[in-house]
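No lab work stands behind these numbers, since they all come straight from the coordinates. Note that this is a predicted model, so its numbers are computed, not measured. Cβ: placed from backbone, ideal geometry, glycine included. Neighbour counts: every protein chain shown.
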Amino acid sequence: MYALDELTQCYRKIKRQAAFKKDLKELLSTYVGRPSPLYFAARLTEHLGGGPRVYFKREDLNHTGAHKINNTIGQILLARYMGKKRIIAETGAGQHGLATATVCARFGLECVIYMGAEDIERQAPNVDKMRLLGARVIPVESGSQTLKDATSEALRDWVTNVRSTFYIIGSVVGPHPYPMIVRDFQAVIGREAKNQCLKQLKRLPHAIIACVGGGSNAIGIWEPFLHETKVKLIGVEAAGYGVNSGRHAATLMKGRPGVLHGSYSFLIYDHDGQIVLPHSVSAGLDYPGVGPQHSHLKQSGRVTYESATDKQAVAAFKLTSRLEGIIPALESSHAIAWLVKHAGSFRKSQTVLICLSGRGDKDMGIISDWGRIAP
Amino acid sequence: MNRVAEVAAGTRPEKLLVPFFTVGYPDLKTTIALARSAADAGADIIELGMPFSDPLADGPQIQHSSQAALDNGIGLRSVLDSVRKLRRHVSVPLVLMGYYNPLLAYGEDRFLKAAATAGVDGFIIPDLPVEEGAGFKTKVESGGMSSLFLVAPTSSPQRIRMIDKNSTDLVYAVTVTGVTGVGRSFSADTDRYLRSLKKSLSKRFVAGFGVSSAESARRLTRYADGVVIGSALVKIIREASNRKGCVRQVSRFLGDIRRAL
């Protein structure tokens, strides 16, 4: 609790400081490449029968290829302010690990990344990149050897080395204040998108669709729209082999309130309360929990949570590549897949904004395992 | 008065010896045998671990025992069964240690009622911080049981007071920052920390995390009122060639510690 109290206090102080705001803004602009464009996906729109009109918020164009760096830039500035010299992080697919290793290299801080031994094998290119950037990647052999165990191991490291170490959590999960901090740093996506919609479309979108694993890109793009009640918000979870298959990561649709990694939120567990291993073709959605704010948004009814299967996501991945010349991350492909299936529920004149949270080159190995790449 | 309160009241001059066993590791029958022999070897309280898939506060040894117990199909029902069985043979307090989610899944009220009936004397739930634990503590106490909260070297004086106040009879002091495990060395900082706890706590306290020998137990009990030993026991059980051998070795090890205290 000491570390969480310290973090909460420092964050409250630093986020209001002009110097911090200036540093963050400059790095987001010159290092990350923000603002990311709002792009009209004309051929995908045409493919859906001429409507709804589909726009992508292009987080795939950020440095390191995903929205993750918005958060790691913010948290590393916080770590520096707190005088912490050693950075740790957990990673599943490797995108958050990569974004953390990147900012550690940028600021010359020691970096330790915990990654499930099984994920290390599945995501070898990201592991090489993290090592190239100077990070030490520690294989986690305990439990299921995936993201949840990497998170447990990072938390164990943190409580052990709490005085010297800053833990950069990668999603809106974990104990307070992390869900709040990560939301604040990811909300840049939504603030930009709102301005861009008003400028380019002259109005707010009819709906905003985002994939939800832990849920940081979704919270980020929705945050400035939560009070715009006319804007429909749709979160798409990973249904894996199907929401009723028992092999999925659809926490909000199929889970129950539970406690893991310091938060009380929807969680997938068995009748004995043991955490059940999730499944998704996309490693970034492969987490048994979900950010507590999503649980709140589900129960308040502000957001509708839906799902897309592995198969639908892979099909959307290929479709978007061919129609738009954009290879989307498999995570983001879930959001696209849901729209492809439900386009008929929108009017043609309506505009739908999709958070394209990352790019898909990291997924090429998985896609080729799924069969023929070409149609 | 419940059994933990009796022990904590300290009618005996010796320091408290608190061994920990994961229920169902290496198997249920052996857990019972281990706990009975620990009581014979002079344990004052026996801590029984409720296995969990993601034991955040535990190091590799207890992670291993917890996973092995889950692989043996152990859930909270088997934990309660074990308590009932043990109660027929031993009179030492039995304190359950484990994580919150299985309790939540079972139903907090239902579980606490069943636990009281089975003969459980107290609870240590490392992922239930004192700030969130008021409701739980009240229910535990109204069942005649005892709730132990954890203090750490990083706890503020204000938080230490809160933990002291909310722990029913006994406080659990984590000796080092970090997770459970063996082979840690204690520094002058550990002594200072335990000495200051001795001064600031109104209740008696046991020290755990990293106690691996009679020597370290003796050192910690210069200030602490007792020691909890977990990972070191798992290690002995894990390395023993057979079930009978592990019970004998654990009993001998605890006997050595008992004499050192």
For the ranges A:80-86, A:156-162, A:232-238, A:59-65, what's the packing order if you count other beta-carbon atoms within 10 Å of each residue, average per peptide, and put the highest first?
A:232-238, A:59-65, A:156-162, A:80-86
Per-selection Rg to Rh, segment A:1-130 - Cα, Kirkwood hydrodynamic radius:
1.07
Averaged across the residues of B:59-66, what count of C-beta atoms belonging to other chains lies within 10 Å of each residue's C-beta?
2
Expressed as a whole number of Å, what is the distance separating the alpha-carbon centroids of segment B:151-197 and segment A:314-345?
53 Å
For chain B, what does the alpha-carbon gyration tensor say about shape, rounded, prolate or oblate, given a ≥ b ≥ c as the root eigenvalues, a/c under 1.5 as rounded, and a/b over b/c as prolate?
rounded
If the only charges are +1 at each Lys and Arg Cβ and -1 at each Asp and Glu Cβ, what is the size of the charge dipole of chain A around the Cα centre, to the nearest 20 debye?
1620 debye
Alpha carbon Rg of segment A:236-283, scaled by the compact-globule rule 2.2 N^0.38 Å:
1.09
Please average, across the residues of A:311-319, the number of beta carbons from any other chain that are within 10 Å of each residue's own beta carbon, and give a whole number.
0
Consider all pairwise Cα distances in segment A:270-335 and report the whole-number % of them above 18 Å.
52 percent
Among B:R88, B:R161, B:R77, residue whose mean-square fluctuation peaks in a GNM of chain B (springs only between Cα atoms under 10 Å)
B:R88
Once Lys and Arg are counted +1 and Asp and Glu -1 for all other residues with Cβ under 15 Å from that of A:A124, the total becomes -3
Check: segment A:304-343 dipole with +1 on Lys, Arg Cβ and -1 on Asp, Glu Cβ, in debye:
160 debye
Go ahead and estimate [θ] at 222 nm for chain B from helices alone: -39,500 (n - 2.57) per DSSP H run with n ≥ 4, summed, over the residue count, rounded to 500.
-14500 deg cm²/dmol
Based only on Cα atoms, what Rg/Rh ratio does chain A have, Rh being taken as Kirkwood's radius?
0.94
Taking every residue in A:153-160, how many Cβ atoms of other protein chains lie within 10 Å of its Cβ, on average?
5
Tensor-based shape of segment A:260-307 (alpha-carbon gyration tensor, a/c under 1.5 rounded, otherwise prolate or oblate):
oblate
The relative contact order of chain A, taking Cα pairs under 8 Å that sit 6 or more residues apart, comes to a percentage of 19 percent
Protection-proxy order for peptides A:343-350, B:145-152, B:28-35, each taking the mean of Cβ atoms within 10 Å per residue, highest first:
B:145-152, B:28-35, A:343-350
For chain B, built as a Gaussian network whose Cα springs stay under 10 Å, the top-fluctuating residue of B:L104, B:L17, B:L170:
B:L104
Picking from B:A260, B:L150, B:A188, whose Cα lies most toward the positive end of the charge dipole for segment B:146-261 (charges on Cβ: Lys, Arg +1; Asp, Glu -1)?
B:A260
Starting from the Cα gyration tensor of segment B:106-177, multiply each eigenvalue by 5, take the square root, and state the resulting semi-axes largest first in whole Å.
23, 11, 11
I need the shape label for segment A:276-375. Rule: rounded when a/c is under 1.5, else prolate if a/b > b/c, else oblate, with a, b, c from the alpha carbon gyration tensor.
oblate
Considering only A:S263, A:P224, A:G284, whose Cα is most displaced toward the positive end of the charge dipole of segment A:197-287, charges sitting on Cβ of Lys, Arg (+1) and Asp, Glu (-1)?
A:P224
Protection proxy ranking of A:176-184, A:142-150 - average other beta-carbon atoms within 10 Å, highest first:
A:142-150, A:176-184
Measure out, as a whole number of angstrom, how far apart the alpha-carbon centroids of segment B:199-261 and segment B:1-48 sit.
11 Å
Taking chain A as a Gaussian network, Cα atoms linked when under 10 Å apart, which of A:A337, A:A41, A:A218 shows the biggest mean-square fluctuation?
A:A41
About the Cα centre, and with charges only on the beta carbon of Lys, Arg (+1) and Asp, Glu (-1), how big is the dipole of the protein assembly as shown? Nearest 20 debye, please.
1200 debye
Kirkwood Rh in Å, taken over segment B:68-130 so that all alpha-carbon pairs contribute
12.3 Å
For segment A:109-162, count the residues as N, evaluate 2.2 N^0.38 Å, and divide the Cα radius of gyration by that value, please.
1.10
Using the reciprocal of the averaged 1/r over all distinct C-alpha pairs, how large is the Kirkwood radius of segment B:151-241 in Å?
13.5 Å
So what's the convex hull volume per residue for the Cα atoms of segment A:71-156, in Å³?
74 Å³
In units of 2.2 N^0.38 Å, the Cα radius of gyration of the protein assembly as shown is 1.02
Once Lys and Arg get +1 and Asp and Glu get -1 on their Cβ, which of A:F317, A:Q75, A:F346 lies farthest toward the positive end of the dipole of chain A?
A:F346
